[in-house]
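S.K.: This is the structure, below, for whatever I ask next.
Every number in this text was worked out from the coordinates using simple rules, so none of it is lab data. Model, not experiment: these values are computed from the prediction. Don't worry about glycine lacking a Cβ; one is built from the backbone with ideal geometry, like all the others, and counts go over all protein chains shown.
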């Protein structure tokens, strides 16, 4: 009786036909057969944090994780084969062949790896993604008791969680938050940006947002309970119990929180509205657009969105009149809405985002410089500026350059500076520019693609053609400066 054919390995398309082992090349399907989980380890010999983490990971792998059927595949960011060979000799697992640079780049882009060391964990049977934050998952469970470290759902994370207001009695978080729009506020007493943002958020919450239906839960990164208690007393909302440190880490991992202050907004049905809630609320502190569902087309004035992790179409129309800018948004909306709907259906982030640039303030100037576009005069600051004697360790809010010879500082105390060139040009009228489309693809090793410039109206068909040309690689790739 003939045996049924062996099903194809889900990893051959991902890694290619062979993987590098300590004994040479071996078939990918054989190396990864029977594994409970497969971890991609993005690392490099030249990276100091990697050199510190690799021995730890090797110890955990050898002592426990390998025996529990985890395999690790090293995806090298080394600059030459000699460095790769020296570094790989320190590792007890397998590797993607170093010569396959195209596949290394594709894997980094697929899993949105923006820094190393980074660990991505896949299901060993199906190859499906389990988590892109495998470094935190393994570091928190180095013996593999919770392997393969599937992130818990929000519903699971809230089971047994207690929250309370200052001086109030603890209440069950899951019961209190059921059916409500709420925000997790990741913050800490020791964090200067947090100390600046918390009073603003408290004012907005008390004045408008709570009445609109928003609840807030403080998730503390404070170093001790005394600091937590002092800081929570400044807040008019609930806080997760400080002693619940594991749940705090699980929430941070669940929502990819890598810096504070950070605000994650959750809808009444438990789905994520925004992981960039700080920008959403700051742009609309009265809650006119509450609960801030993502718009198909964002405005750069509200922040850069996920431009570092997601290919983003930008439409530069700073010198256009309001009617033209509105028409640009209208033209981009069908494509933006389609990508948002696909993301909601898959419970993932959109694979492409859309941003309109309507003002020359802030990030506009920096992006124009990165894309080698014509520079526009920055806006005049709302207060007078004066020459400061500090010439280093600061950044110009116009062009983004640091350490200029001349620094002009806000006289009213704002954290605002212009270099001499931007100060001289601020507020001057700019020559009219055509509307310009650009695809910024930072995950592709900092690439970007220029689209057409439009003297007249931009249509939805123009946007769709630009997307089609990008996907078919018909556009010329340029490198970000």
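S.K.: Sort 79, 150 so that the residue with the fewest other Cβ atoms within 10 Å of its own Cβ comes first and the one with the most comes last.
M.R.: Values: 79 11, 150 14.
With the sparsest Cβ surroundings first, the list reads 79, 150.
S.K.: So, in nm, how far is label residue 453 from label residue 299 when the simple model puts each one 7 Å beyond its Cα toward the Cβ?
M.R.: The answer from the label model is 2.5 nm.
S.K.: Let me ask something additional. For segment 114-248, what percent of Cα pairs sit more than 17 Å apart?
M.R.: Numbers: 5990 of 9045 pairs.
Counting every Cα pair in segment 114-248, those more than 17 Å apart make up 66 percent.
S.K.: Sequence gap at least 6, Cα distance under 8 Å: using those rules, report the relative contact order of the chain to the nearest whole percent.
M.R.: Values: 835 pairs, mean separation 49.1, N = 481.
Relative contact order for the chain comes out at 10 percent.
S.K.: Per DSSP helix of 4 or more residues, -39500 (n - 2.57); summed, then divided by the residues of the chain. What does that give at 222 nm, rounded to the nearest 500?
M.R.: Details: 16 runs with 146 residues, N = 481.
Calculated at 222 nm, the ellipticity per residue is -8500 deg cm²/dmol.
S.K.: Now a separate question. What's the Cα-based Rg to Rh of segment 136-182, Rh via Kirkwood?
M.R.: On the way: Rg = 14.6 Å, Rh = 12.9 Å.
With Rh from the inverse mean 1/r over Cα pairs, Rg/Rh is 1.13.
S.K.: Set the Förster distance to 45 Å, then compute FRET efficiency between residue 141 and residue 431 from the Cβ-Cβ distance, nearest 0.05. Don't skip to the answer; put the middle values down first.
M.R.: Details: r = 59 Å, r/R0 = 1.31.
About 0.15, to the nearest 0.05.
S.K.: Under the classification rounded if a/c is under 1.5, otherwise prolate if a/b is larger than b/c and oblate if not, where does segment 385-424 fall, given a ≥ b ≥ c as square roots of the Cα gyration tensor eigenvalues? Spell out each step's value before the answer.
M.R.: On the way: a/c = 1.37, a/b = 1.28, b/c = 1.07.
Verdict is rounded for segment 385-424.
S.K.: Now for a different question. Starting from a Cα-only point model with no solvent, please compute log10 I(q)/I(0) by Debye for segment 12-140 at q = 0.14, 0.20, 0.21 1/Å.
M.R.: -0.54, -1.25, -1.42
S.K.: I want to verify the translational diffusion coefficient of segment 375-481 in µm²/s; compute it with Stokes-Einstein, Rh as the Kirkwood radius over Cα pairs, at 20 °C and 1.002 mPa s.
M.R.: For the chosen part, D equals 129 µm²/s.
S.K.: Further, regarding this structure: In whole Å, what is the distance between the alpha-carbon centres of segment 325-357 and segment 21-88?
M.R.: If you average the Cα positions of each part, the centres end up 37 Å apart.
S.K.: Sort 152, 59 so that the residue with the fewest other Cβ atoms within 10 Å of its own Cβ comes first and the one with the most comes last. Show your work: numbers first, answer last.
M.R.: Details: 152 16, 59 13.
Lowest count first: 59, 152.
S.K.: If you don't mind, there's one more thing I want to ask. Give the residues of segment 134-156 whose amide nitrogen is closer than 20 Å to a point set 7 Å from the Cα of residue 268 in the direction of its Cβ.
M.R.: Taking a point 7 Å out along Cα→Cβ of residue 268, the residues of segment 134-156 whose backbone N falls under 20 Å are 154-155.
S.K.: Next question. Using a Förster distance of 35 Å, how high is the FRET efficiency between residue 150 and residue 46, based on the Cβ-Cβ distance and rounded to 0.05? Before the final figure, lay out the partial values.
M.R.: On the way: r = 33 Å, r/R0 = 0.94.
So, using R0 = 35 Å, E works out to roughly 0.60.
S.K.: Which distance in nm do the two modelled labels at residue 372 and residue 471 give, with both placed 7 Å along the Cα-to-Cβ direction?
M.R.: Those two pseudo-labels are separated by 2.8 nm.
S.K.: Another one. In Å, what Rg and Dmax follow from the Cα atoms of the chain?
M.R.: Cα-based Rg and Dmax for the chain come out at 25.0, 89 Å.
S.K.: Across 5 Å bins from the origin, how do the percents of Cα pairs in segment 272-403 run, short distances first?
M.R.: With a bin width of 5 Å, the distribution comes to 2, 9, 16, 19, 20, 15, 9, 5, 3, 1, 0.
S.K.: Let me ask something else about it. Assuming 0.36 nm per residue, please report the length gained on full extension of the stretch residue 99 to residue 401 beyond their Cα-Cα distance.
M.R.: Working: separation 302, 0.36 × 302 = 108.72 nm, distance 3.74 nm.
Difference between extended and current length: 105.0 nm.
S.K.: Please compute the contact order of segment 156-293 in relative form: average sequence separation of alpha-carbon pairs under 8 Å and at least six residues apart, divided by the residue count, as a percent. Spell out each step's value before the answer.
M.R.: Details: 218 pairs, mean separation 42.7, N = 138.
Once divided by the residue count of segment 156-293, the mean separation gives 31 percent.
S.K.: Pop the C-beta distance of residue 412 and residue 64 into the FRET formula with R0 = 60 Å and round what comes out to the nearest 0.05.
M.R.: Working: r = 58 Å, r/R0 = 0.97.
The pair residue 412/residue 64 has a calculated efficiency of 0.55.
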